[in-house]
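Enquirer: Below is a structure I'd like to ask you about.
Values quoted throughout were computed directly from the atomic coordinates according to the rules given, and no laboratory measurement underlies them. Because the structure is a prediction, the values reported are computed rather than measured. Positions of Cβ are backbone-derived with ideal geometry, glycine not excepted, and every protein chain shown enters the neighbour counts.
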Amino acid sequence: MNKANVKRMVGIALLMALVIVMQFLSGIIPPVGGFTISLVLIPIVMGAAMYGPTAGAILGATFGVIVYINCVTGADPGGAMVFQANPVLCFVVVLAKGTLAGLASGLVYKLMKRWNPYIAMLCAAIVCPVVNTGVFVGCMLLFFVDVLSAWAAGADLVGYILTGLILANFVPELIINVVFSPAGQRIIHMFKRK
């Protein structure tokens, strides 16, 4: 095994550890609008940009597994409702949203980095929460509309999705990722020089 492969494996492993710790710590942060804000997308985007789409998918899958553990244990009360409704589909949904978010951000970064790495990082940082939330909302509408209705507590379902899921959850995640993206690209640049 050459030195570059070892560095890549260690880098991905460190980012996986960061994803695990950040996702478990998200249970400590009080929910906003009933949902926790996911800071864990930052290391997923970083890993996808530094090590490619496959690494992004691995990091996203790690995120999905930890989300599932939180659903099973009840650390995520809304996720526990999804788990109780259908444990297998719950696993598929949380794994798919994380994996696809990491993969998509890695693909976007890879395609755009030759033109401008800062714009590539910005676009990857935007794509990650868009895919994460988009897949989640789509799957919830397809498979768990009853759970969504329970979350909405009698409110209009579309209004709840727009305010509870998009405005209170997605928008802050998007803003955090966008704000972090220039620093993320500088970090990548520093690592590439070494």
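Enquirer: Hey, any hits in the range 171-188 for a residue that's of a type in the set (A, V, I, L, M, F, W, C), touching a Pro at 6+ places or on another chain (Cβ under 6 Å) and within 30 Å of Leu14 (Cα to Cα)?
Expert: Start the filter on the range 171-188 by keeping residues that are of a type in the set (A, V, I, L, M, F, W, C), which leaves 171, 174-176, 178-180, 183, 187-188.
Pick out the ones that are also touching a Pro at 6+ places or on another chain (Cβ under 6 Å) and you get 174.
Narrowing further to those that are within 30 Å of Leu14 (Cα to Cα): 174.
Yes, the range 171-188 has at least one match.
Enquirer: Now for a separate question. Output the residues belonging to the range 131-177 that are of a type in the set (Val, Ile, Thr), closer than 21 Å to Asn86 by Cβ and free of Cβ contacts under 8 Å to residues at least 40 places away in the same chain.
Expert: Of all residues in the range 131-177, those of a type in the set (Val, Ile, Thr) come to 131, 133, 135, 137, 145, 147, 158, 161, 163, 166, 171, 175-176.
If we keep only those that are closer than 21 Å to Asn86 by Cβ too, we end up with 133, 135, 137, 145, 147, 161.
Scanning the range 131-177 gives Val137, Val145, Ile161.
Enquirer: Restricting to the range 84-96, what's the tally of residues that are surrounded by fewer than 22 Cβ atoms within 10 Å (Cβ to Cβ) and assigned to a helix (DSSP H, G or I)? Show your work before the answer.
Expert: Just the residues of the range 84-96 that are surrounded by fewer than 22 Cβ atoms within 10 Å (Cβ to Cβ), to begin with: 84-89, 91-92, 95-96.
Imposing the further condition that a residue be assigned to a helix (DSSP H, G or I) reduces the set to 84-85, 87-89, 91-92, 95-96.
Final tally of qualifying residues: 9.
Enquirer: From Gly74, Gly98, which residue is under 24 Å from Phe24 (Cβ atoms) and over 15 Å from the mean Cα position of the chain (by Cα)? Don't jump to the end; show me each part of the working.
Expert: Working: Gly98 fails: over 15 Å from the mean Cα position of the chain (by Cα).
Result: Gly74 is the single residue among Gly74, Gly98 that is under 24 Å from Phe24 (Cβ atoms) and over 15 Å from the mean Cα position of the chain (by Cα).
Enquirer: Residue by residue through the range 98-144, note down the ones that are surrounded by 18 or more Cβ atoms within 10 Å (Cβ to Cβ) and among the basic types (Lys, Arg).
Expert: Selection gives Lys113 alone.
Enquirer: Same structure again: Being assigned to a helix (DSSP H, G or I) and among the aliphatic types (A, V, I, L, M) is the filter here; which residues of the range 1-18 pass it? Before you say what the answer is, go through the steps one by one.
Expert: So the first thing to find is which residues in the range 1-18 are assigned to a helix (DSSP H, G or I), and the list is 3-18.
Hits for the range 1-18 are Ala4, Val6, Met9, Val10, Ile12, Ala13, Leu14, Leu15, Met16, Ala17, Leu18.
Enquirer: Whether any residue in the range 55-63 is among the β-branched types (Val, Ile, Thr), over 12 Å from the mean Cα position of the chain (by Cα) and part of a helix (DSSP H, G or I) is what I want to check.
Expert: Start the filter on the range 55-63 by keeping residues that are among the β-branched types (Val, Ile, Thr), which leaves 58, 62.
Going one step further and asking which of them are over 12 Å from the mean Cα position of the chain (by Cα), we end up with none.
No, there is no match, as no residue in the range 55-63 is among the β-branched types (Val, Ile, Thr), over 12 Å from the mean Cα position of the chain (by Cα) and part of a helix (DSSP H, G or I).
Enquirer: Now a separate question. Take the conditions buried (at least 16 other Cβ atoms within 10 Å of the Cβ) and in contact with a Phe, Trp or Tyr (Cβ under 6 Å, 6 or more places away or on another chain) and apply them to Asn169. Does it pass?
Expert: On the way: buried (at least 16 other Cβ atoms within 10 Å of the Cβ): yes; in contact with a Phe, Trp or Tyr (Cβ under 6 Å, 6 or more places away or on another chain): yes.
Yes, satisfied.
Enquirer: Within the range 108-130, how many residues turn out to be touching a residue at least 40 places away in the same chain (Cβ under 8 Å) and under 16 Å from the mean Cα position of the chain (by Cα)? Give the derivation first.
Expert: Our first condition is that a residue be touching a residue at least 40 places away in the same chain (Cβ under 8 Å); within the range 108-130, this holds for 109-110, 113, 117-118, 120-122, 124-126, 128-130.
Next, from what is left, pick out any that are under 16 Å from the mean Cα position of the chain (by Cα): 109, 121-122, 124-126, 128-130.
Number of matching residues: 9.
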